[in-house]
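A.B. asks: This is the structure I want to talk about, given as structure tokens.
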Amino acid sequence: MKALLHTGGSLAWLPDPEERPWILLPVGNRPILEYWVECCVDLGIRDIRLVLGNGGYLIEEYAGDGERWGVQISYSFQKEGEEPDRFPLRNPDLWKDGVLYLRQPSFPLRQQKSISALAAGESCRLGAGEIDYGFYSADSAHLTPFLAGQSPSALPESSTGFSAYGIESAKSYFDLNLRIIQGEISHYLAPGYELSEGSHIGYNVVIPPSVIMEPPVMIGNDVRLSPLNAIGPHAVIGNSVVIDAQTELKDCVILDGSYIGRNLSIEQKIVAGNLLIDPDTGDSLRLDDSLLLGDVGKSTPLSDFMNIFFGQVFSFILWLLFLPGFFVFYSLIRLTGSGNYTKKTILDARKQPRMCPEFVRVKKNIFTGCFQGLSLDRWPLLVSVLRKQLYLCGHAPITPEDAEDRFEKIPEYFPGVFYDELLLPQQPSSLILNVYALNYIKNRKLTGEISLFFRVGLQRLLRKMSNMEEG
Amino acid sequence: MKSEFKTQNGTGIIELIGDLHVVSVDELRQKFTDWSQNHGGLKYVIVDLQQTTAIDSAGLGLLIAMYKQIQAQGGELVLCSMNKKVRMVFQLTRVHQIFSIYDDLDEALRNCA
């Protein structure tokens, strides 16, 4: 017996299928893929074939070869636009001994905790109402015509204790999540685990004492709650979510990597990054205001490598280019007594305290204007980039005094030499700094780095030029 | 990169061994052009990537050019036996949407018969 699961296809209510294949959507706080794999394990199926669609690499990255579930997962492609039912016909011999076949997005909904495998010669449909999401068959009388490309006979309802539940609409997905946290989660718990007081809280979750939690709630891993949050009842919060202070969440589903701003009340909604979805109507609204909703995002090893490579190479070039200018202008500044460097302690990329030079202007004149306008004041910091202590572009470094508060709010740390906060007129509050940092983490990619470098460099230059003209 | 061109029961099979990248693309393109001129009218050409260790954008470009050339001659170019590394590149660039991709050579031969 094998399993053949089509992971392609997109859900109309969920934009960006390439960033979020349906099978990686969380239910409770785990991707649907895990529920299907566990279902296969319970049915004694160890050989699972996933047919990939757009965003399939995310699935492959997540599931790997299936070793962690004790199954063998392999991957195939199907040409876009081809009927899913054509795929098994490529190599019918693989499936003739029985197959759990899924052709459309759905969730393996269990009627009870234990599910049973079919006996030889039995078949059942996986679906509800008129929709067949697939079938589960160990019956050659059913499989033979199917694998010959003919329409198979209608199958009976599943008697195995589970069936496929469609997630075509935002409402069905929302309802499924609420069903899970209202008690059905116990059907999916592995032996040895139990649910206490209707709530589940993952690893590395920060919950300040002033948070009010009203079960049932489900919170994933790496989640940061803030003071005076009110969570629940019926709140499903995914992994890597940041919720700012005084925000109330109930009857809602927050998907992985979302940032929720402060003083908000979210009820009867699905939040996916900066996308707000109404489950009843399926309407969605993308908010561009990162003070309200945002995407915490996650960096990938490839993007990290590209960013670091770009940073290192470009920093070296800048170091050489800025060298003559730095010595000329800094000598003039010292001679005129219009500025100097002081030492400031910040946390470096490894979150270790490090003394860094910071330019302090004493007198405003043309030398300091050129020095700062051309960003020559950043020259000593470029060495730290080459030593991998700072990034060329990033967000404002955090000082040891602010570390405890700030690291609670941001999931990753990229202290930069150039960052948007340099353009702020005065020292911003930690809330604003957090928003800037979350924005940077969300948009961290090579093109964004290049854009940030030139944006910050040019704006500093233009501001100094206009200041000098005014002066 | 090494390449082997052969035919089996009226189907062309191209086996690519090693890294398919910018350095090897020109030579491979020339070999393919010579081979396809001598084997016009093939309905299917299978590119076997089992021993292809890596691929870059130039390699992808070559495969697409080969696909178009075979299609212009009334045939179809299909791929088979991708390893994980090559599969990732195809997915990231979405080139997998263009080709029919089979799990192994046997499956490709069965479906291209």
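A.B. asks: Treating the beta-carbon of each Lys and Arg as +1 and of each Asp and Glu as -1, no other charges, what is the dipole magnitude of the protein assembly as shown about its Cα centre, to the nearest 20 debye?
C.D. replies: 2300 debye
A.B. asks: Next question. Using the eigenvalues of the Cα gyration tensor, what equivalent ellipsoid semi-axes result for the range A:301-470 when each is taken as the square root of five times the eigenvalue, whole Å, largest first?
C.D. replies: Result for the range A:301-470: semi-axes of 26, 18, 16 Å.
A.B. asks: Can you work out the FRET efficiency for the pair residue A:383 and residue A:46, with r the C-beta to C-beta distance and R0 = 35 Å, to the nearest 0.05?
C.D. replies: 0.05
A.B. asks: Under the rule of at least 5 residues apart or a separate chain, name every residue whose amide H is placed under 5 Å from the amide H of residue A:226.
C.D. replies: Residues meeting the amide H criterion: A:243.
A.B. asks: About its Cα centre, how strong a charge dipole does the range A:124-188 have in debye, to the nearest 20, once Lys and Arg get +1 and Asp and Glu get -1 at the Cβ?
C.D. replies: Roughly 80 debye for the range A:124-188.
A.B. asks: Debye calculation, C-alpha points only, no solvent: report log10 I(q)/I(0) for the range A:273-364 at q = 0.16, 0.24 Å⁻¹, in the same order as the q values.
C.D. replies: Here log10 of I(q) over I(0) equals -0.96, -1.18.
A.B. asks: Still on this structure: At 0.36 nm per residue, minus the direct Cα-Cα distance, what do residue A:467 and residue A:432 gain on full extension? Give it in nm, one decimal, please.
C.D. replies: 10.1 nm
A.B. asks: Return a whole-number percent for the relative contact order of chain A, with Cα pairs under 8 Å and 6 or more residues apart as the contact set.
C.D. replies: Over chain A, the number comes to 9 percent.
A.B. asks: Right, something else. In 10 Å bins starting at zero, report the fraction of Cα pairs in chain B per bin as a rounded %.
C.D. replies: 14, 53, 31, 1
A.B. asks: Want the number for residue A:210 to residue A:141: 0.36 nm per residue separation, take away the alpha-carbon distance, what's left?
C.D. replies: Result: 18.6 nm gained on full extension.
A.B. asks: Less than 14 Å Cβ to Cβ from residue B:70, Lys/Arg counted +1 and Asp/Glu -1: what total charge do the surrounding residues give?
C.D. replies: Taking every Cβ under 14 Å from that of residue B:70, the sum is +2.
A.B. asks: Taking the Cα atoms only, what angle lies between the long axis of helix A:32-42 and the longest principal axis of chain A, rounded to 10 degrees?
C.D. replies: Result, in degrees: 40.
A.B. asks: Now a separate question. Identify, among A:108, A:138, A:150, the residue whose Cα sits farthest towards the positive end of the charge dipole of the range A:2-166, taking +1 on the Cβ of Lys and Arg and -1 on the Cβ of Asp and Glu, with the dipole about the Cα centre.
C.D. replies: Checked the options; the winner is A:138.
A.B. asks: Quick check on the range A:200-295: what are the equivalent-ellipsoid semi-axes from the Cα gyration tensor, as sqrt(5λ), descending, whole Å?
C.D. replies: 19, 14, 12
A.B. asks: Could you work out the mean count of beta carbons from other protein chains within 10 Å of each residue's beta carbon in A:83-91?
C.D. replies: That works out to 2 on average.
A.B. asks: Can I ask one more? Return the distance in nm (one decimal) between the two label points of a simple spin-label model at residue A:201 and residue A:366, each offset 7 Å from Cα along Cα→Cβ.
C.D. replies: 6.3 nm
A.B. asks: Over all residues in B:91-98, what is the mean tally of Cβ atoms on other chains that come within 10 Å of each residue's Cβ?
C.D. replies: Per residue, the number of nearby Cβ atoms from other chains is 5 on average.
A.B. asks: At what distance in nm do the modelled label points of residue A:308 and residue B:69 sit from each other, each positioned 7 Å from its Cα along Cα→Cβ?
C.D. replies: 4.0 nm
A.B. asks: Tally the DSSP beta bridges in the protein assembly as shown and give the antiparallel ones as a percent, rounded to 5.
C.D. replies: Within the protein assembly as shown, antiparallel bridges account for around 45 percent of the total.
A.B. asks: Give me the number: length gained by fully extending residue A:451 to residue A:424, i.e. 0.36 nm times residue separation minus the C-alpha to C-alpha distance, one decimal in nm.
C.D. replies: Length difference between fully extended and current span is 8.0 nm.
A.B. asks: Something else: Where Lys and Arg each count +1 and Asp and Glu each count -1, what net charge lies around residue A:336 among other residues with Cβ under 13 Å from its Cβ?
C.D. replies: My count for the surroundings of residue A:336 gives +4.
A.B. asks: Once phi is turned into ³J(HN,Hα) by the Karplus curve 6.51 cos²θ - 1.76 cosθ + 1.60 with θ = phi - 60°, what whole-Hz value does each residue of the range A:167-174 show in order, with x for glycine and proline?
C.D. replies: Each residue of the range A:167-174 in turn: 10, 5, 10, 4, 5, 5, 5, 5 Hz.
A.B. asks: Quick one: order A:124, B:112 by neighbouring beta-carbon count within 10 Å, fewest to most.
C.D. replies: A:124, B:112
A.B. asks: So for the protein assembly as shown, taking the charge dipole from beta-carbon charges (+1 Lys/Arg, -1 Asp/Glu), which of A:437, A:89, A:75 sits furthest toward the positive end?
C.D. replies: A:437
A.B. asks: What order, most packed first, do the peptides A:214-225, A:362-373 have when packing is the mean number of other Cβ atoms within 10 Å of each residue?
C.D. replies: For the peptides A:214-225, A:362-373, the packing ranking is A:214-225, A:362-373.
A.B. asks: Once you average over the residues of A:52-58, how many Cβ atoms of partner chains fall within 10 Å of each Cβ?
C.D. replies: Rounded to a whole number, the mean comes out at 4.
A.B. asks: Moving on. Treating cross-link reach as a plain straight distance, find the lysines whose alpha-carbon is under 18 Å from the alpha-carbon of residue B:31, omitting any fewer than eight places away in the same chain.
C.D. replies: Of all the lysines, those that pass the test against residue B:31 - Cα under 18 Å, at least 8 places apart if same chain - are B:2, B:6, B:68.
A.B. asks: For the protein assembly as shown, divide the Cα radius of gyration by the Kirkwood radius and give the resulting Rg/Rh value with two decimals.
C.D. replies: 1.05
A.B. asks: Here's something else I'd like to know. What does the net charge come to around residue B:52 if you take all other residues with beta carbon closer than 10 Å to its beta carbon, with K and R at +1 and D and E at -1?
C.D. replies: Once all neighbours under 10 Å are counted, the net charge is -2.
A.B. asks: Based on DSSP, what percent of beta bridges with both residues in the range A:200-295 are antiparallel, to the nearest 5?
C.D. replies: Antiparallel: roughly 30 percent of the beta bridges in the range A:200-295.
A.B. asks: Given H placed 1.01 Å from N in the peptide plane, which residues other than close sequence neighbours of residue A:293 have an amide H under 5 Å from its amide H?
C.D. replies: A:261
A.B. asks: Using alpha carbons only, how many degrees (0 to 90, rounded to 10) separate the axis of helix A:446-470 from the longest principal axis of chain A?
C.D. replies: Once rounded, the angle reads 30 degrees.
A.B. asks: Amide H of residue A:134 versus every other amide H placed in the peptide plane: which residues, excluding those fewer than 5 positions away on the same chain, fall under 5 Å?
C.D. replies: The list, which skips near neighbours in sequence, is A:103, A:126.
A.B. asks: Considering only DSSP beta bridges where both residues belong to chain B, give the percentage that are antiparallel (nearest 5).
C.D. replies: 30 percent
A.B. asks: Testing the spin-label approximation: label points 7 Å from Cα along Cα→Cβ at residue A:287 and residue A:65. State their distance in nm.
C.D. replies: Each label point lies 7 Å from its Cα, and together they span 4.5 nm.
A.B. asks: Hey, could you get me the Stokes-Einstein D for the range A:26-70, Kirkwood radius over alpha-carbon pairs, 25 °C and 0.890 mPa s, rounded to whole µm² s⁻¹?
C.D. replies: It diffuses with D of about 218 µm²/s by this estimate.
A.B. asks: Then there is this: Please turn the phi angles of the range B:79-95 into ³J(HN,Hα) values with the Karplus equation 6.51 cos²θ - 1.76 cosθ + 1.60 (θ = phi - 60°), one per residue in order, whole Hz, x for glycine and proline.
C.D. replies: Once rounded to whole Hz, the list reads 10, 8, 6, 7, 7, 4, 5, 5, 4, 4, 4, 4, 6, 4, 8, 6, 5.
A.B. asks: Still on this model: D for the range A:2-166, whole µm²/s, Stokes-Einstein with Kirkwood Rh over alpha-carbon pairs at 20 °C and 1.002 mPa s: what number?
C.D. replies: 134 µm²/s
A.B. asks: Calculate the dipole size of chain B relative to its Cα centre from +1 charges on Lys and Arg beta carbons and -1 charges on Asp and Glu beta carbons; express the result in debye to the nearest 20.
C.D. replies: With only Lys, Arg, Asp and Glu charged at Cβ, the dipole is about 220 debye.
Taken together, the values in this text are just the output of simple stated rules run on the coordinates, not laboratory data. Keep in mind it's a predicted model, so treat the numbers as computed, not measured. For neighbour counting, all protein chains shown are included, and Cβ atoms are generated from backbone atoms with ideal geometry for every residue, glycine included.
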